[in-house]
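Following: one structure in structure tokens, then a few remarks.
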Amino acid sequence: MLLGVNIDHIATLREARAINDPDPLEAVFIAKRAGANQITIHLREDRRHMHDSDVKRIIESSFLPVNVECSINPEIINFLLACKPHRITLVPENRQEVTTEGGLDVLKHFQNIAHITQSFKQIGTEVSLFIDTEIEQICASKEVGANTIELHTGAYANLFLMLFSNLPRTHHSIKSLELPHNELKAQYQQALSNLQNAAKEAKWLGLEVAAGHGLNYCNLKPILKISEIKELNIGQSIIARAVFTGLEQAIKEMVALIKAH
């Protein structure tokens, strides 16, 4: 299983002071040295962390494949067509969200996504779609011509957090706060089963399968058991650990966790 390291939060730290330090490009070389397989960045419409110049420099300088997450906004699509990253991952985007809250609705935007997919494939850029586990969305992803789907693991990660951590039940990011433990456990098992079934369906259709969102050093083991998943994209938990261990060590620990499976 491959590891894509999302380095957006390095740019987030830079933007907190609106200066030029830390430089996310430096993280690219550290990630390569630490054994990562891919660099993932998200060019958001509001440019809250990564800027256009970051994307250009990272694509031009990286010794690792670069996966750029983006919305279907025409301005961003045209910019990335000129940049020619190794892969784009189309994601939904809400200006008010803290982070991506759900999967892309491929059925709703079918014609637009099909056109975008064809445009990128013509220049040799792979296309991935960040989607929820619904079978209809997986089938639509195949029909529009995507190479890969990335399964949204947020529901699984949130339920794992509630069941297996010591966080108080008032934690603001969890929607199922007041459910009894047995109902939370049932929802957790269902979320994991949904990921397993979605990965199998996607592989059967001939799609490559990735996963990401909310994955960390604690909740990764059940995901590693899903053999159809070939790639993980992980960011926040690695950058958070890097505050205490350094980025290279944080990535090495995640790589070792994946390889130990």
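Taking the convex hull of the alpha carbon atoms in the chain, what volume per residue do you get, in Å³?
130 Å³
Given a 1.4 angstrom probe, what's the average accessible area per residue across the chain, in square angstrom? Spell out each step's value before the answer.
Values: 12670 Å² over 261 residues.
Accessible area per residue, the chain: 49 Å².
Which Cα, out of THR125, ASN20, ALA260, lies furthest along the positive dipole direction of the chain (beta carbon charges, K/R +1, D/E -1)?
So the residue furthest toward the plus end is ALA260.
Using alpha carbons only, what's the Rg to Rh ratio of the stretch 1-78 with Rh from Kirkwood?
With Rh from the inverse mean 1/r over Cα pairs, Rg/Rh is 0.96.
Using a 10 Å cut-off on Cβ atoms, rank the peptides 221-227, 126-132, 141-147 from the highest mean neighbour count down.
Values: 221-227: 15.4, 126-132: 22.7, 141-147: 19.9.
In descending order of packing, they fall as 126-132, 141-147, 221-227.
Given a 1.4 Å probe and every protein chain left where it sits, what share in percent of the accessible area of the chain is carbon and sulfur?
Heavy-atom surface of the chain belonging to carbon and sulfur, 1.4 Å probe: 51 percent.
So which trypsin sites (Lys or Arg not before Pro) in the stretch 3-97 pass both tests, a DSSP loop state and at most 11 other Cβ atoms within 10 Å of the Cβ?
ARG95
The values are calculated or read from the model by the stated rules, or taken from the named source; none is laboratory data. Since the structure is predicted, the reported quantities are computational estimates derived from the model, not experimental observations. No Cβ is skipped: glycine too gets one built from the backbone with ideal geometry, and neighbour counts run over all protein chains shown. The accessibility values were calculated without ligands, DNA or RNA, using every heavy atom of the protein model including side chains. Shrake-Rupley method; radii C 1.70, N 1.55, O 1.52, S 1.80 Å.
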